[in-house]
Amino acid sequence: MKYIIGIGGVTNGGKTTLTNRLVKNLPNCCVVHQDDFYKPQDQIEVGEDGFKQWDVITSIDTEAMVNTVKAWAENPTKFARSHGVHVSPGSGLVGSEDVHVLIVEGFLLYNYKPFIDLCTRKYYLAIPYDECKRRRSTRSYTVPDPPGLFDGHVWPMYLKHRQQMEHNDVDVVWLDGLKTRDDLYNQVYEEIQNELLNGQNQLLNGS
Ligand SMILES: Nc1ncnc2c1ncn2[C@@H]1O[C@H](COP(=O)(O)OP(=O)(O)O)[C@@H](O)[C@H]1O
Ligand SMILES: O=C(O)c1ccc[n+]([C@@H]2O[C@H](COP(=O)([O-])O)[C@@H](O)[C@H]2O)c1
């Protein structure tokens with residue numbers, strides 16, 4: 001059985017922190033990071049505002065990302081092994097080779113329908129403006145933020161994409177990124193485990 005879990009939401013909402021912990025603890029779990037699909041820097045457009053437009057969907061090779069997710073779905077065992085993920089042998093119960101989980105983590109996951117359609121469950125981490133700006137100011141990206149980028153580009157694009165997602169009625173599970181790391185992890189881990197158990201029970205009951 002295969003489960004694709006999206007961990008989306010605002011920049012610095014805690015997506016990577018939550019993802020890293022889930023990946024360590026879920027059975028046969030692989031991960032895809034949306035940031036790894038950024039187009040080369042010279043292909044990132046400069047907007048009328050003078051900023052490089054990092055926070056728009058066209059800056060990401062979404063097709064390549066979806067193809068990677070599909071490659072996992074075609075053969076999760078092969079994908080896991082080629083990405084150094086240990087695959088546990090088993091009998092069909094949770095924790096066995098028959099259960100495979102892929103976590104896809106990124107800030108613009110739910111504005112691209114081909115990806116939305118692949119997801120079993122879609123989480124969305126949100127934090128308020130002040131906290132987001134504070135966390136972002138301590139972060140160093142491969143390309144450092146120029147002065148004014150957060151207020152001039154990052155936050156307005158976040159609001160725009162979030163509105164678009166809500167307008168399209170994407171059925172996300174909202175997560176309050178102000179909760180502690182432990183609380184977030186425990187909530188999401190438990191929900192995913194329940195989903196895996198339900199899937200196993202349905203299989204055992206033949207439904
Ligand atoms: N639940 C949390 N509470 C407080 N700080 C957090 C929490 N989760 C992550 N952080 C911190 O916020 C920053 C961004 O976290 P990260 O997981 O990299 O976010 P994202 O992947 O969403 O950009 C890091 O400094 C991280 O330690
Ligand atoms: O990863 C990169 O190469 C990169 C280069 C420039 C900027 N970024 C920023 O990465 C942010 C998304 O990643 P994250 O982990 O903060 O959700 C987004 O807000 C971009 O402005 C990321």
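Quick one: count up the residues across segment 70-87 that are among the aliphatic types (A, V, I, L, M) and crowded, with 19+ Cβ neighbours inside 10 Å.
Qualifying residue count for the region: 1.
Which condition breaks for L159 when tested against (1) open to solvent by 70 Å² or more (accessible area, probe 1.4 Å); (2) among the aliphatic types (A, V, I, L, M); (3) within 14 Å of ligand 1 (Cβ to nearest atom)?
Single failed check for L159: (3).
Considering only segment 111-124, I want to know if a residue exists there that is within 16 Å of ligand 2 (Cβ to nearest atom), aliphatic (A, V, I, L, M), in contact with a helix residue (DSSP H, G or I) (Cβ under 8 Å, 6 or more places away or on another chain) and at pLDDT 95 or above.
Scanning segment 111-124 turns up no residue that is within 16 Å of ligand 2 (Cβ to nearest atom), aliphatic (A, V, I, L, M), in contact with a helix residue (DSSP H, G or I) (Cβ under 8 Å, 6 or more places away or on another chain) and at pLDDT 95 or above.
Let me confirm something: among F51, F37, which residue is on the phi < 0 side of the Ramachandran plot, over 13 Å from the mean Cα position of the chain (by Cα) and within 13 Å of ligand 2 (Cβ to nearest atom)?
On the way: F37 fails: over 13 Å from the mean Cα position of the chain (by Cα).
Going through F51, F37 in turn, just one is on the phi < 0 side of the Ramachandran plot, over 13 Å from the mean Cα position of the chain (by Cα) and within 13 Å of ligand 2 (Cβ to nearest atom): F51.
The values are calculated or read from the model by the stated rules, or taken from the named source; none is laboratory data. Model, not experiment: these values are computed from the prediction. Because the Cβ atoms are built from the backbone with ideal geometry, glycine has one as well, and the counts that use them run over all protein chains shown. Side chains included, ligands, DNA and RNA excluded: accessible areas come from the protein's heavy atoms. Shrake-Rupley method; radii C 1.70, N 1.55, O 1.52, S 1.80 Å.
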